[in-house]
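The values are calculated or read from the model by the stated rules, or taken from the named source; none is laboratory data. Predicted model only: the values in this text are computed from it and were never measured. Neighbour counts run over all protein chains shown; Cβ positions are idealised from the backbone, glycine included.
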Amino acid sequence: MKKNGFTLIELLVVIAIIASIVSLAIPNYLGARQRARDSKRKSEMVSLKAALRLYYNDFQIFPANVSEGAGIQGCGAGGTELCPCGLVDFASGASCDNLYMKKFPSDFGTSMVYFQAANGDDFCLAVTLDNVSDPDIAASQSRCASACGANCTGGASTGRYCVCAD
C-alpha cells in the first residue's frame, strides 16, 4: 500500500527551512528601508543647501535662524520675516518673485534643523539618520564642525548628519 502525501517530519523540515530564510531576510529588508530613508534625507538636505546658496547669491547673507518648525525666515530687508507666499515654503520678495524651494523636506522642523552661522556667512542643516553606522556622518561632522559647532558633534554614534555652506 502506497499513500501519496508528505510525512509530518518532511513538513516540519520544510517549515524550519522557510523560517530560517525569513529570519535572515527580515533584518536585511529593514536595513534597506533605513538606508532608503537616510538617502532621501541626505538628498533633501542637498536640495535645501542649493536653495540656501541661491538665496545667498541674491542677498549676500543666509536667512536668519528659525524657531522650531517655523520654516526659513528669508523675506524682508534683514531676511528675518516669514514669506507671505501661501503655497510656497521658501521665496523672497513681496509677492514671492524669487522662488527658492516650493516645498520643504518632509522632516524639516521636526528632525531636520536649520540655523544661520558666522554672522550670516554660513549655515548649518542637521538631521539625525536612522543608520548610525553610515560613513557619511563622520565626514559631514568634520566638514561642518566650524559652522555647526555643538549641533553636529559627538561622533558617528550620535547619528547627526550635517550640511553647511562649504
Residue that is nearest to ARG37 (Cα to Cα), among those in the stretch 93-106 that are modelled with pLDDT of 75 or more and crowded, with 17+ Cβ neighbours inside 10 Å: PRO105
Scanning for something assigned to a strand (DSSP E or B), of a type outside the set (A, V, I, L, M, F, W, C) and within 13 Å of the chain's Cα centre (by Cα), does the stretch 124-142 turn up at least one residue? yes
So in the stretch 132-166, with the set limited to residues that are in contact (Cβ under 8 Å) with a residue 24 or more places away in the chain and under 17 Å from ARG53 (Cβ atoms), which one is surrounded by the fewest Cβ atoms within 10 Å (Cβ to Cβ)? ALA165
Matching residues, the stretch 96-131, being without any contact (Cβ under 8 Å) to a residue 24 or more places away in the chain and touching an Asp or Glu at 6+ places or on another chain (Cβ under 7 Å): LYS102, LYS103
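Can you tell me which residue is farthest from the chain's Cα centre (by Cα) among those in the stretch 92-105 that are under 15 Å from LYS49 (Cα atoms) and part of a loop (DSSP other than H, G, I, E, B)? I'd like the intermediate steps shown before the answer.
Filtering the stretch 92-105 for residues under 15 Å from LYS49 (Cα atoms) gives 99-105.
With the extra rule that they be part of a loop (DSSP other than H, G, I, E, B), the set shrinks to 102-105.
Numbers: LYS102: 17, LYS103: 14, PHE104: 11, PRO105: 8 Å.
For the stretch 92-105, the residue satisfying everything is LYS102.
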